[in-house]
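Shown next, in structure tokens, is the structure this report addresses.
The values are calculated or read from the model by the stated rules, or taken from the named source; none is laboratory data. Note that the coordinates shown come from a computational prediction; the quantities given were computed from them, not determined experimentally. Reconstructed Cβ throughout: ideal geometry from the backbone, glycine too, with neighbour counts over all protein chains shown.
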Amino acid sequence: MSTDNIIDSTDLTDTQAQLLDLADRFYEQFNEGDVPRLEIPTRTKSNIEYDEDKNVWVYGDRTSTRSAKSVGGAQKLLKSVYTIEFLARQLEEERSSTLRELYYLSESWDLDEAQFGSQDESNQLVEDLEIVTDATREDFHMRPEESGATVMGPLEIREQTRRGEREIHCQEDVGEGGYQIPNNPDTIEFLDNDADFALCVETGGMRDRLVENGFDDEYNCIVVHLKGQPARATRRLTKRLHDELGLPVTVFTDGDPWSYRIYGSVAYGSIKSAHLSEYLATPEAEFVGIRPQDIVEYDLPTDPLSDSDINALESELDDPRYQTEFWTEQIELQLDIEKKSEQQSLASRGLDFVTDTYLPERLSEMDIV
Amino acid sequence: MTSQQSRLGGGESVAEELAESQRAISIAEFFEKNRHMLGFDSGARGLVTAVKEGVDNSLDACEEAGILPDIYVEIQENRDYYKVTIEDNGPGITKEQLPKIFGKLLYGSRFHTREQSRGQQGIGISAAVLYSQLTSGKPAKVTSRTQGGEQAKYFELIVDTDRNEPEISREETRSWERPHGTRIELEMEANMRARQQLHDYIQHTAVVNPHARIELREPDGRFKYERATDQLPAETEEIRPHPHGVELGTLIKMAESTDSYSISGFLQEEFTRVGTKTADAVIDNFRDRHLGREMAWEPPRTHEAGVESAVEEAVANKSAEATADFADRVATALDRERVAHHEVVEAVDSVAEEIQVEYSTTFGSTVRGNAVDAAWMRLTDERESDLYVLVDAATTRRKNDAVVQALATRLAAKFEPGDRHRVTRTTLRKYVDRAADMTEQHDDATVGETARENILTELWTAARQVPDDPPKVSAVADDRDTASELLEAMREADIISPPTGCLAPITSDLVDAGLQKEYEADFFAATTRDASVHGGDPFIVETGIAYGGDIASKGKAAVLRFANRVPLVYQRGACATTDVIKNINWRNYGLDQPGGTGIPGGPVVLMVHVASTNVPFTSESKDAVANVPEIEKEIELAFRESARELKSYLNRRRSMQQRQQKQDKLGTILPEMAQKLSVVTDREDLDIDATMARIMNDVLVVREREHGTVCLRVENNDDRNVEPEVTEIVETDTEPELLDDTEATVVEMDGEWFLKWNPTVGSGETATLRYTADDEADCTAHVNDIPEEKLTNGART
């Protein structure tokens, strides 16, 4: 995907042309008596490599081929063609649909062989098409199921909505819940901001605490709610906050291996969407906590590590993405103390402890405030 | 108490008392009490056995007379009894023979012959008559008309069980519509609980006798099995026993009853496959065993200690001239590498004869005897060095000199100077063992089993066979040990397998035809092995496999067992054929077999036929083949042979099925995809045949031509190498020129050029065959050695 035309990636003819191009390729293969096939990068852990220049994880050189030579391959290609037809029509009619709708829609297709067996299959196919056509799923007008997360902070934006343009201030024009990130955050234009940094928060409880305590106001901070593993839209917005507004991005999660992976997907990108890393990942994002070190220093209430926690930590030690001094030290410490803590365990020191003490201390350590 | 006393009182009187109640029992009486031995243990089974005996007899009779059998079997329910009728179109039976055949047990023509036939003992049908009379009290009713006979004879008869003779209650002449044949009616207490076995028996008989037409009518139905061939089984010949198969008892009996006087004559007369040469080989072996061999020694080479001087000294009262000449000639005659005692005797005798004539003096037996003794004494004076050479040769390098010397010395001590030194191999082995043991004990050396055997062989080979006549046949008949020696000698000799003219295998073609006639299956395989021998009787094993089609796919395979063309329906578990089937791992051949042993499952019929002059059964009722290793081995080999064909069929079928499935699937998917593509791209409809061909047909041949160059591309989409033969026929006046160093033969014929390539094309590769030809020239490519369904020849024109 070309980063320079992100804004006008809504240009329908472009994406449509890309899809038709792919259909044309299949057509030609048939026409020449050749076996229709599609070559795409192998989407496994072993074919992910670090792009030194861009600081993100991208697919390597290995490719796999979907070929009509096998029944399975032919079936995949048939589904692809059906999906291409569907997407092209959707773009032409300027409509959109969700991934789940696509899955159910396939039930109406003539041939049993063209129908998706599971939603994973249809999701994967859309990802395949993203890779091959060099477009994003937003370009296809495909939405994910999960509603986007929310933003709260001193930021004024203009959003292109179906009912026209809206100008919204993410503190003054929104309720307690904050501003809801749309599925395609590229429809947002940043107008003005008064922010010093962005703080991405894993859990809803902690986000609410920060808002209630007026943390966003006090520290000129844009609080982004990640809602667990962040959706693409959340990650895209975070990246834009960093790239376009020059705001430092920090990530505040629980103190367990799964939360470190949430940070990883914000900072480095995920394997499933490595083709979009450049577009979604914010390599400069920094980890606030909860660090294992914090568990010790603040003597936080803990749970013991489960076996799967330990396995996850050990596999992170082997994961090239966590091969930094910081992570090695922290993970080894956690394996040593055999404990984990949630964000909200900070409440054991009082409800204001996180906003009055913990975050200011950590953020100043990190030279953010 | 009383009996004790009486016994004590006088043993003799008790014995006499007992003797009064001891009397011979007739065979008929015996079987009356032991009917189970003949397969009449229950009413259900009795019926099947009666049918079986009748049908077997009918088939044998027809075949012997060269008539294609038409057999009719009827079972009627008759109040408490069943009436069994078996009718055939055989040659009929003469008036004199008929009562005996049906009314006398152990009357038959086959017991003493070595020839394959269904019946052997002459018990079967008369036992059925006996069973019928015992259970219903009714006589057997037999009608028979011989070929050319004016009318048929009709008898009603039973077996007189006391005398084992037929007892005829009615005898008359009747008219019968059949030109020839026999019909027997038996009434018996029975039931139809064994209906399945009865049907099996009839059906299996039809399978294995494709030349017979058989009809069965029973209360519940009617079954007709038509003839599949007009070819009668090959006529069998009677044969004599084979030397490799007789047992000691049989051999002694044969020796007792033979007219031959010499062993050689006995062997050639009484056994099959024995001519002069084989007889001589057996006799040589026999001599070695019975008489032993004579050790031979190297004659002394020095003149003073030589044979000549010894002989000269031993001859007394003869002229000096004759004596010297005699001694000289004997010495010359014995100047050989090694000399045995009988050779000395021979030499002395022949020289003495010459001298007698030349010098007109008598060289009588005393003189000759003295000469022999003297010469032999001289020869055997020194034995150690001879033995040293032999032992040394047998123990190459591994033993040091001292050990070899010690062995030679000890062995030498076993042979007294002057004795004839006649030893059997067994005795010789004892000598070697003793010498070896002593050497091990005293000289701290090891002489292992192999070394001993080598030394023995070396010595035995150096020893001379003796010229004495072997014992006469009477000696063999009189003495078990001698007979046993002869038996070993026979077994050791190389003798070709017995002739198979005495056997009538169904032959694999007809096994196939028989199975095809009765089973609607997709696949048939049949194997007929070469003849083998067990116990002097040749036998042939045949197997057949039918698979798929209408054969029930649930449960275990049906096993059809036959012996001499007779179906075996009972005692399946006790049969060697079943054991062999269970021990074969059928999973290797693509059949289901939980655990890898047992009867395989699935839609399969396994057939096995053992044909022999003497099928070893486990009992008189002839239901199960005994576990004879030779037969089991042949059964296994035969089944494996048939099963290999089955396996390749199943593999082929499986891959064809997969191919077909794939073709069907792609045949739905790809046209739909192509149609969608035309819609999406808004272009004209696609022709996807070429793509389909490329996917489905693993080898694609296409021709491309440009500027006088023709290029044949052989694209291999298969997952293994192909080696097609590609012949391109070019109609042109100028000789095509091969390009790219491709190897091809170029031949011109009637204005056409034949270019033939044999490229090896690897999986996924494309071979390019290029040559020059006018762009206008007509070209036709033919591709061989690729299965048609795997080839798309786009270069046919």
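Brief remarks follow.
- With respect to the stated conditions, residue B:243 is closer than 18 Å to residue B:481 by Cα and surrounded by 21 or more Cβ atoms within 10 Å (Cβ to Cβ).
- Single unsatisfied condition, residue B:715 versus (1) in contact with a strand residue (DSSP E or B) (Cβ under 6 Å, 6 or more places away or on another chain); (2) touching a residue at least 60 places away in the same chain (Cβ under 8 Å): (2)
- Hey, residue B:448 over 41 Å from the mean Cα position of the chain (by Cα) and among the small types (Gly, Ala, Ser) or not: no
- Filter pass, residue A:92 being under 19 Å from residue B:675 (Cα atoms) and within 14 Å of chain B (Cβ to nearest Cβ): no
- Subset of segment B:480-510 [part of a loop (DSSP other than H, G, I, E, B) and surrounded by 15 or more Cβ atoms within 10 Å (Cβ to Cβ)]: B:493, B:495, B:498, B:499, B:500, B:501, B:502, B:503, B:504, B:505, B:506, B:507
- Taking segment A:17-36 as the range and being of a type in the set (Gly, Ala, Ser), within 7 Å of chain B (Cβ to nearest Cβ) and in a helix (DSSP H, G or I) as the test, only A:23 passes.
- Yes/no for residue A:293 being under 20 Å from residue A:206 (Cβ atoms) and touching a Lys or Arg at 6+ places or on another chain (Cβ under 6 Å): no
- The residues on offer are A:38, A:105, A:99, and the sole one that is within 20 Å of residue A:20 (Cα to Cα), modelled with pLDDT of 85 or more and not polar (S, T, N, Q) is A:38.
Yes/no matrix, rows are residues, columns are (1) assigned to a loop (DSSP other than H, G, I, E, B); (2) β-branched (Val, Ile, Thr); (3) in contact with a Gly (Cβ under 7 Å, 6 or more places away or on another chain); (4) crowded, with 21+ Cβ neighbours inside 10 Å:
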position: A:124; (1), (2), (3), (4): no, no, no, no
position: A:131; (1), (2), (3), (4): no, yes, no, no
position: A:139; (1), (2), (3), (4): yes, no, no, yes
position: A:156; (1), (2), (3), (4): no, no, no, no
position: A:159; (1), (2), (3), (4): no, no, no, no
position: A:177; (1), (2), (3), (4): yes, no, no, no
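- Filtered residue count, segment B:659-685, keeping only those that are on the phi > 0 side of the Ramachandran plot and either in contact (Cβ under 8 Å) with a residue 40 or more places away in the chain or within 7 Å of another protein chain (Cβ to nearest Cβ) (or both): 0
- Any hit, segment A:95-107, residues being charged (D, E, K, R), away from chain B (no Cβ under 14 Å), surrounded by 15 or more Cβ atoms within 10 Å (Cβ to Cβ) and in contact with an Asp or Glu (Cβ under 9 Å, 6 or more places away or on another chain): no
- Test: residue in segment A:299-312 that is within 20 Å of residue A:203 (Cα to Cα), touching a helix residue (DSSP H, G or I) at 6+ places or on another chain (Cβ under 8 Å) and buried (at least 20 other Cβ atoms within 10 Å of the Cβ): yes
- The combined condition, being surrounded by fewer than 17 Cβ atoms within 10 Å (Cβ to Cβ), farther than 30 Å from residue A:278 by Cβ and either within 14 Å of another protein chain (Cβ to nearest Cβ) or in contact with a strand residue (DSSP E or B) (Cβ under 8 Å, 6 or more places away or on another chain) (or both), is fulfilled by residue A:72.
- Of the helices (runs of 4 or more DSSP H) lying entirely inside segment B:294-399, the ones with 2 or more residues being within 58 Å of the chain's Cα centre (by Cα) and surrounded by 22 or more Cβ atoms within 10 Å (Cβ to Cβ) are found at B:320-333, B:341-359, B:365-380, B:384-394.
- Scanning segment B:765-797 for residues being of a type in the set (Ser, Thr, Tyr) and without any contact (Cβ under 8 Å) to a residue 60 or more places away in the chain gives a total of 4.
- Unique match (being touching a residue at least 60 places away in the same chain (Cβ under 8 Å), of a type in the set (Gly, Ala, Ser) and touching a Phe, Trp or Tyr at 6+ places or on another chain (Cβ under 9 Å)) among B:477, B:408, B:489: B:489
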